[in-house]
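Structure, as structure tokens:
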Amino acid sequence: PQQTNGDSGVPRLVVVSNRVAIPDPTGKGSAGGLAVALKEAFEAHRGLWFGWSGKVAAQPSTTPRIVDKGNVQYALMDLTPLDRQEYYNGFANRALWPIMHYRIGLSEFSRADYAGYLRVNRSFASALAGMIQPDDLIWVHDYHLIPLAAELRALGVTNRIGYFHHIPWPAPEVLGTLPGSQDLLRDITEYNLVGVQTDLDADNLRRGLVQEVGAIQRKGDLVELGEKQIRVKGFPIGIDVNSFQQAAKRSSTNRLVRQTVAGLGSRRLIIGIDRLDYSKGIPERMESFERFLIGNPDQRGQVTYLQVTPVSRSEVPEYATLSRVVNETLGRINGSLGEPGWVPIHYVNSTYPRPVLAGLNRLARVGLVTPMRDGMNLVAKEYVAAQDPEDPGMLVLSKFAGAAQQMTDALIVNPNDKIEVAEAIRDALYMGREERVARWERMMATITQCDIASWTASFLKDLSGGRSPGAGRILR
Ligand code: F6P
């Protein structure tokens, strides 16, 4: 049965994203970032979460499969193998993703993939349009679905629609190299509110709208194209600081965490946690660690670097190449610097539940978050939240992660400079307790102030026209 807004006065929240995370009844699964982010919002709103089921079927869905859980209804669409290839692996992850991460040379555009991307957006819109009620707030997530609002508008949907872009938005000179990018910018103007991670991203997008499609920049965040008014604004995403901190505290009893403690002995732990993605700078980071060991021979046998890296998008050729490069880099470094009783880099491809990751973070004296480019990077915030306040570890953070705009007390590095990263690893390991505590307290204050609850609340407030959506009925 379809949910109605009822008489509560709180509009229903309709979330659309490529992946839909149905809560795991055991609570043991590893909830993705967006699921954690939306948990808060769905607690306040009755909701509908629409998107890809993650399944591939011979026939595409024309109507979604509905799963009801608590006050949220999940509406799941299957994709055909061709859809998955062209929309997800192809245009979204082979053309758009590298461009959005400033990697023009890695972007592979194909007209067939772009047509597949538009086809899936159109079919999602036509399945969703009939489920939309007049007062619904619609919140679309991520680069897979940029044209969705335009498709919904074409079907007569007039609700307020917001879009949040979880990854970087590059300068127009970079985006402009992608065929079809002007159409994507025109599609963006069908949203009422567009959220990006940082002020730089917002600036890039507004500049792109002005330079590439002739929009006019009005005061502040406002951009106009003909009759349309679009707000483009930075909403830095956060984490549930308290729950991650609690999970980290409780983790000392976890079997995997205990095994890690036993395996470490007196060695200090350096940790990296990233999906296997070239934007994360994993081989570059391993080579920085190699530099650190070469420059600080007394540290050999004294530290272990654990890189936890679930495999990702392995059907995309550039990801398969990365996997080979990481394996070769790892093998070379462990082979040349390891000793019979010591392996410098431990590399695991497992996906661990959040409490285990929280526990591993807490054990680590240094957190290495050195992406070549990243929208925000919540791993950086999780590392800080997981620390023991009495004796916190130190974060080494790439200047190209959105998080670096907020966490200025981390050791900020340029990941392209391996010597600089190696020196930061050394500085983090040798930093006195007093300085670590002072820096940690300031970073903790920042991430607590900009946590996940404030992110969802501020986006939804702006989307609903400036009033808190929980506080009364929204007037469109
Ligand atoms: O942050 C960008 C993002 O695409 C998320 O939407 C997604 O959950 C994550 O990266 C992992 O990517 P994928 O869904 O392709 O596995």
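The values are calculated or read from the model by the stated rules, or taken from the named source; none is laboratory data. Because the structure is predicted, anything quoted here is derived from the model rather than measured. So basically every Cβ, Gly included, is an ideal-geometry build from the backbone, and we count neighbours across all protein chains shown.
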Output the residue which, of all residues in the stretch 32-58 that are part of a loop (DSSP other than H, G, I, E, B) and surrounded by fewer than 16 Cβ atoms within 10 Å (Cβ to Cβ), is modelled with the lowest pLDDT.
Gly32
So Ile138 ticks every box in (1) closer than 25 Å to Pro23 by Cα; (2) within 15 Å of the ligand (Cβ to nearest atom) but one. Which box is left unticked?
(2)
Close pairs (6 angstrom Cβ cut-off, 6 or more residues apart or separate chains): farther than 14 Å from Lys39 by Cα in the stretch 449-476, in a loop (DSSP other than H, G, I, E, B) and at pLDDT below 70 anywhere
Lys461/Ser468; Ser464/Ile474; Gly472/Gly9; Arg473/Gly9
Residues in the stretch 220-241: is at least one part of a helix (DSSP H, G or I) and closer than 30 Å to Pro389 by Cα?
yes
From the option list Leu76, Leu128, Leu148, single residue qualifying as in contact with a Lys or Arg (Cβ under 7 Å, 6 or more places away or on another chain), in contact (Cβ under 8 Å) with a residue 40 or more places away in the chain and closer than 21 Å to Ala35 by Cα is Leu76
Pick from the stretch 242-294 the residues that are β-branched (Val, Ile, Thr) and in a helix (DSSP H, G or I): which of them is nearest to the chain's Cα centre (by Cα)?
Ile282
So in the stretch 6-18, with the set limited to residues that are at pLDDT below 80 and surrounded by 13 or more Cβ atoms within 10 Å (Cβ to Cβ), which one is farthest from the ligand (Cβ to nearest atom)?
Gly9
When you look at Gly281, is it crowded, with 22+ Cβ neighbours inside 10 Å and on the phi > 0 side of the Ramachandran plot, yes or no?
yes
For the stretch 141-156, how many residues meet the condition of being more than 16 Å from the ligand (Cβ to nearest atom) and surrounded by 20 or more Cβ atoms within 10 Å (Cβ to Cβ)?
5
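If you take the residues in the stretch 19-31 that are touching a helix residue (DSSP H, G or I) at 6+ places or on another chain (Cβ under 8 Å) and in a loop (DSSP other than H, G, I, E, B), which one is modelled with the highest pLDDT?
Going through the qualifying residues, I end up with Ala21.
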